[in-house]
Amino acid sequence: MALSHVDDPDLGQNLIQLGMIDNIAIDGMKVSFDLVLTTPGCPMKHKMSDDCVNAIHEYVDRNAEVTVNFTAKEVKPVDKHEMFPTIKNVIAVASGKGGVGKSTVAVNLAISLAKTGAKVALLDADIYGPSIPIMFNIKEQDIYGEQHDGKTYMVPVSKYGVKLMSVGFMIDPDKAVVWRGPMASGALKQLLTETWWDEIDYMVVDMPPGTGDIQLTIAQTLPVTGAIIVSTPQQVALADVVRGVEMFQNENINIPVLGFVENMAYFTPAELPNNKYYIFGKEGCSQLAKQMGIPLIGEIPLVQSIAESGDSGKPVSIFDDNPESEAFMTLAENTIRELCKVNNK
């Protein structure tokens, strides 16, 4: 068959072996079929579609009219996944220490995923320091209830194409959150299980820094597909990255690490957009990624506009055609690519 000559660029197997071709219909010189993607918004879908058309022209008939329809494979949840049957992929964005820009990465990753046409949610799981309300400029937000199957659920706030839920919507922003571990874990479980998420292709979870109770609660409650670990190039930050990887790879958690994101990788002045200054060291995360066999899926520059956009409630990824937004879109595409690999294991 002609389509057996077309490989998935990331998985290295042909589309027939992977079960990615369905509903083939032939009517004279017209050929149509479904290309079943492993995850919505796959960045390689157009290349695979073009390769399919070329294969049919080469092995069947150069005059064939080929129509390729994109569909997405449903990920069937099991065990604890049954609590969230409408959420297809959960991405935990974590860091070994605070101050590395984890929330900035989580916010802009979620918006970039939504820009691919996917249905995206962002859960602020940083119970002690929720920053999502500030970064989306939706402080003091009223949360409404909605009835489903005889039970009242909280309705997430929607902005920039992303469904949002944060404990910051429910507390006084001027007061510190003073909760013991069990109280914080209970509050997080409530956010997870009593929110009506509906159909979600990607749920991005902004984790608190470190490796404590909240991380364990998320791992034990949510069907996390994979984790992304954010770091700066500094050696002190990279030491904490190793501990973060070990936590996710612990046999009691066993969550795949999709990749590293090197935030503040280099400084680029606005007046010299082609210049790069490695203030915090060069390629530290890249070298660690090679040592640990984990891909580096994003390098985010240190640019004043990224910090300012988060503080103003307009994350940089809502804008197009700028290097900062493009860096986060590259991260989103690489994240989708790594999810494809995980979902096909």
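Structure summary
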item: Extension gain from Ser4 to Ala64, taking 0.36 nm per residue of separation minus the Cα-Cα distance; result: 19.9 nm
item: Under 10 Å, Cβ to Cβ, from Ile297 - net charge with Lys/Arg +1 and Asp/Glu -1; result: -3
item: Sites Ala270 and Val242 - FRET efficiency at Förster radius 41 Å, r taken between beta-carbons, to 0.05; result: 0.75
item: Whole-Hz couplings from phi, Karplus 6.51/-1.76/1.60, listed for the stretch 23-34; x for Gly and Pro; result: 6, 6, 10, 10, 9, x, 8, 9, 10, 9, 6, 9
item: Ranked list, fewest to most other Cβ atoms within 10 Å of each Cβ, for Ile294, Ile218; result: Ile294, Ile218
item: Net length gained if the chain between Phe319 and Lys290 were fully extended (0.36 nm per residue, minus Cα distance); result: 7.2 nm
item: Potential extension, Ala25-Ser158 segment - 0.36 nm per residue separation minus Cα distance; result: 43.9 nm
item: Highest average packing first - 326-338, 221-233, 241-253, Cβ atoms within 10 Å; result: 221-233, 326-338, 241-253
item: Rule-of-thumb Rg ratio for the stretch 2-72 [Cα; 2.2 N^0.38 Å; N residues]; result: 1.02
item: Built amide H within the under 5 Å cut-off of Phe267, gap 5+; result: Tyr277, Tyr278, Ile279, Leu302
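Computed from the coordinates by the stated procedures, all read-outs in this text should not be read as laboratory data. Keep in mind that this is a model prediction, so the values were computed, not measured. Note: ideal-geometry Cβ built from the backbone for every residue, glycine included; neighbour counts use all protein chains shown.
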